[in-house]
Amino acid sequence: MSFLSDLMGLGAQNIEGIDVLEISEYKKAIQDNVQLVDVRTPEEYQRGTIKNALNLDYFDQGSFREGFAKMDKSKPVYVFCRSGQRSFNAAKVLKKMGFIQIYDLKGGYLAWEKNF
């Protein structure tokens, strides 16, 4: 990341080994067949989500961990929630579970909806 984009807060940020991507970067990255997970509640998911996203509710830790345990830890995983806080916490759990490449959507689904 360049000094100018860093100064202005543009581009990806790496926080605690988790890449937090701007909407445009995230959209481009998920165009391929990726592990895309909406960590919001089923009720939130039903009201709208990003196409092809799997729903694994962060607040239901049993199902959350069970669902991620079935995924390939060597492949990138993309997570998002409503505003970005829950998915960042989810990403920290994934890091502890052994996932290597974790990408979070900056601003969450609220920001996504405003742009698409």
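Every read-out reported here was derived from the displayed coordinates using simple, explicitly stated rules and does not represent laboratory data. None of these values were measured; they are calculated from a predicted model. Because the Cβ atoms are built from the backbone with ideal geometry, glycine has one as well, and the counts that use them run over all protein chains shown.
A few points about this structure:
- Rg to Rh quotient for the chain, alpha carbon positions, Kirkwood Rh: 0.95
- Averaging 1/r over every pair of different alpha carbons in the stretch 59-107 and inverting the result gives a Kirkwood radius of 10.9 Å.
- In a DSSP loop and with at most 15 other Cβ atoms within 10 Å, the chymotrypsin sites (Phe, Trp or Tyr not before Pro) in the stretch 24-90 are F59.
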